[in-house]
Amino acid sequence: MESSPSNGSGARARSKKANTSQRQTPSQTNGTARPNGAPVPPRTRARPAIRAAHAGVSALPPFETYPAIAIEAVQPELDGGHWPIKRVVGDTVEVSADIFKEGHDLLQARVIYHPLGTSEWQEAPMRVLENDRWTGSFTVDQNTRYTYTVLAFTDVYGSWRADLQKRLAAAQDVSSELLEGLRLVEAAIARCTDPDDRGRLNGYVERWRSGQNAGPIGQREAAELAISAELGELMDRCPDRADATRYRHELTMIVDRVRARFAAWYEIFPRSQGTDPTRSATFREAEQRIPSIAAMGFDTLYMTPIHPIGTAKRKGPNNTLVAGPNDPGSPYAIGSPAGGHDAIAPELGTVDDFLHFQDVARQHGLELVMDFAIQVSPDHPWVEEHPEWFYHRPDGSIKYAENPPKKYEDIYPLNFRSADWKNVWAAFRDVILLWAERGVRVFRVDNPHTKPLAFWEWCIREVQAMYPDAIFLAEAFTRPKMMKELAKLGFTQSYTYFTWRNAKWELEEYLTELTQTDMREYFRGNFFANTPDILPHILQLGGRPAFRMRLVLAATLSSVYGIYSGFELAENRQRGELGATEYYLDSEMYQHKVWDWDRPGNIIGDVTRINRIRQENAALQEYDNLRFHGADNDQVLVYSKAAAASGNIILCVVNLDPFWPQAAWLDVDSEQWGIPADQPFVVHDLLTDERFTWRGRYNWVRLDPHQQPAHVFRVEVPHY
């Protein structure tokens, strides 16, 4: 903690025993002997001896000031203030702290904050909750980084006024106290910067003096004036901050744009958006798919890499090691003589074609996402231009990527700790900045957990310094602590384990950790129901009912979710034995693909409906407002989201069994929403448009996964 300079004299306190055993006369205070030559009393002579006995101890405190007030347990705060918390524009930021000091003085406290680029602190008042716990809030209105902390100081006038009221209640003479209070108001006039407040305070001073000079009746009027609420409000605006103490840490916060927290992602291979199975679609052809994607209610269009693809060691269909002459290879093997990460694959078109595609997407309310994969094919220009950027075998050849026993011979990893590491880092930073200049502001980063953490902290900060609206999604299905650290150091969103969480207890445990622990301050889980290389077993085994069920879960448990194209077609043909792998059969990762977007059995209607529900209900647009409720069936998951500002309440009931109907008695405490326990209320199923009347906390449901796997209720709170 820091404090303003102390106004104390620095005099040392005497012990109570010393003060009562022998009183010191004025002649004793300025020398070592009495003027008449009498010896100094033993008590005075003993002090140098005591100090001498403690060699190395300062005669006086060595500091010039000290924190007058304790400020502890500030929340939100991550790892002692080392990492920033995350919010979005328009959020109200709640800050709390334990604040106290010795004695019985009253305190005042403020949350102080300022956005990046300004140094002037703004203030928001704090109030006491209970037991020295204070809270306050402020609203963030800029897409930038903020600094915030807590400031506290003694409420000098409030403390004096509280004592005065006690004396008045005891019918004591308060003439001396009123003189003291008058001086406090006069001192406030000198501090006050607002001319109107200064004038009003001067008026109070004049009335106060007049009252004091008018005998007992006037003194009583002066006392009533001193404790008036209006004067108290004026004094609160011009407080005495002589002992102002600031919390020891200045905390930081990243304020993103709203789409960082609320978005619906749709992933495509641009080359698979055409009609000819023998070749790649161009960007101009892929534009024809944009209206259909937008019509399903998506607002974020994520493209797998769109760069030139290498030919050396190119993979064939289903990830075979040998490609045919017309096989396109994996778009993650980036780089050819046509260019690297800065270029467009010739089969897709030119940079101008990409920019046109981007413009068409924007016209339909879609924002593009660039897939940022930090690896190169053996044909990437950097291999020849900067061989020192790569790992080498003893024979001097460049090592391809491996994750034993897997081999990825079509890509080379970059050595982020090579002798020329600074240029490696700068090169990839500059790639992101190039695409940001071309209009891309959202980047899905492939395997960030295989690169130095320091690189990401530096790179993201560098990019967001120029483009504060940049959003970074970490594709890191890895160890929990690594995933958390990537989020702390700056990634806006993160992939999660949702893809593999199926049981009720798993979902409740994991989602509680994400949304109700300190993870909610920095980790935004983007719930992808599938990806090009993850076809979850539940989708393989459960078929269309599982797709519908997992769609509802992904879209309502998190405020940001995504699907990989083909999900809406309930595509679940797996490579290998059923449930043995998570790979798609004939994946478009390694071959040209043409889809029948209207094929029977699709769930396009479900996707469209759930996205519309998300858009129309504010409760589903928040991330950390998730609450679970009880059900007497382990196959039935019950949870709600409520938006306090709008009063919007969504209650979801999901059958987790894709094979059999399930029924349950639900235990939902409606009183938390202001509905008396004995009063009926209506729940409106937004999936079917049905309405049901419920009463109390226990109500019964039955869900058949082949007809309707879930309820998404809007709770209609009655007005009594």
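The values are calculated or read from the model by the stated rules, or taken from the named source; none is laboratory data. Model, not experiment: these values are computed from the prediction. Neighbour counts are summed over all protein chains in view; Cβ atoms, including those assigned to glycine, are modelled from backbone coordinates with ideal geometry. Ligands, DNA and RNA are stripped out before the accessible areas are found, and what is left, the full protein with its side chains, is counted by its heavy atoms. Shrake-Rupley method; radii C 1.70, N 1.55, O 1.52, S 1.80 Å.
Quick notes
- Anisotropy class of segment 322-372 from Cα gyration tensor, a/c 1.5 cut: prolate
- Charged neighbours of GLN516, selected by a Cβ distance under 12 Å, balance to -4 (K, R count +1; D, E count -1).
- In segment 618-720, Cα pairs under 8 Å separated by at least six residues give a relative contact order of 28 percent.
- Estimated distance in nm for a label pair at SER159 and THR118, the labels positioned 7 Å out from Cα along Cα-to-Cβ: 3.2
- Each listed q (0.17, 0.24 Å⁻¹) maps to a log10 I(q)/I(0) for segment 214-284, found by the Debye formula over equal Cα scatterers with no solvent: -0.92, -1.08.
- Placing a pseudo-label 7 Å from each Cα along the Cα-to-Cβ vector at LEU179 and TYR467 gives an inter-label distance of 7.1 nm.
- Counting Lys and Arg as +1 and Asp and Glu as -1 over every other residue whose Cβ lies under 10 Å from the Cβ of TYR639, the net charge comes to +1.
- Amide hydrogen neighbours beyond the local backbone of TRP83, cut-off 5 Å, H modeled: LEU78
- Cα centroid separation, segment 288-345 to segment 680-720: 44 Å.
- Our summary gives segment 236-362 a relative contact order of 23 percent, counting only alpha carbon pairs under 8 angstrom and 6 or more residues apart.
- DSSP finds beta bridges in the chain, and of those with both partners inside it, around 70 percent are antiparallel.
- Segment 135-291 has equivalent-ellipsoid semi-axes of 67, 15, 13 Å, by the square roots of 5 times the alpha carbon gyration tensor eigenvalues, sorted largest first.
- Using a probe of 1.4 Å, the accessible surface attributed to ARG573 totals some 100 Å² when neighbouring protein chains are kept in position.
- MRE, 222 nm, helices only [DSSP H, n ≥ 4, -39500 (n - 2.57), over the chain, to nearest 500]: -8500 deg cm²/dmol
- Here the extension length gained between ARG702 and THR581 equals 40.3 nm, from 0.36 nm per residue of separation less the Cα-Cα distance.
- A protection proxy built from the mean count of other Cβ atoms within 10 Å ranks the segments 104-116, 245-257, 223-235, 127-139, most packed first, as 245-257, 104-116, 223-235, 127-139.
- Net charge of neighbours whose Cβ lies under 11 Å from the Cβ of ASN655, counting Lys and Arg as +1 and Asp and Glu as -1: +1
- Share of Cα-Cα pairs in segment 563-700 lying beyond 27 Å, as whole percent: 39
- Considering only ILE334, GLN122, ALA281, and ranking their Cα positions along the charge dipole of the chain that arises from unit charges at the beta-carbon of Lys, Arg, Asp and Glu, the one farthest toward the positive end is GLN122.
- Top positive-direction residue, dipole computed over the chain with Cβ charges, set PRO480, TRP597, ASN131: ASN131
- Relative to the Cα centre, the charge distribution of segment 450-565, modelled as +1 at Lys and Arg Cβ and -1 at Asp and Glu Cβ, gives a dipole magnitude of about 300 debye.
- Restraint check, LYS484/LYS641; LYS315/LYS406; LYS407/LYS593; LYS484/LYS504; LYS422/LYS451, Cα-Cα greater than 18 Å: LYS484/LYS641; LYS407/LYS593; LYS484/LYS504
- Distance between modelled label sites at VAL351 and ASP194, nm, 7 Å Cα→Cβ extension: 5.5
- Relative contact order (%) - criterion: Cα under 8 Å, at least six apart; region: the chain: 10
- Value of Rg to Rh for segment 651-717, rounded to two decimals, is 0.98; Kirkwood radius and Rg both from alpha-carbon coordinates.
- Subtracting the Cα-Cα distance of SER137 and ASN318 from 0.36 nm times their residue separation leaves 59.7 nm of extension gain.
- Taking every Cα-Cα distance in the chain and sorting them into 10 Å bins starting at zero, the pair-distance distribution P(r) comes out as 2, 12, 18, 18, 15, 12, 9, 7, 5, 2, 1, 0 percent.
- Prolate/oblate/rounded call for segment 599-660, Cα gyration tensor, a/c under 1.5 rounded: oblate
- Shape summary of segment 289-383, radius of gyration then Dmax from alpha carbon positions: 14.9, 43 Å.
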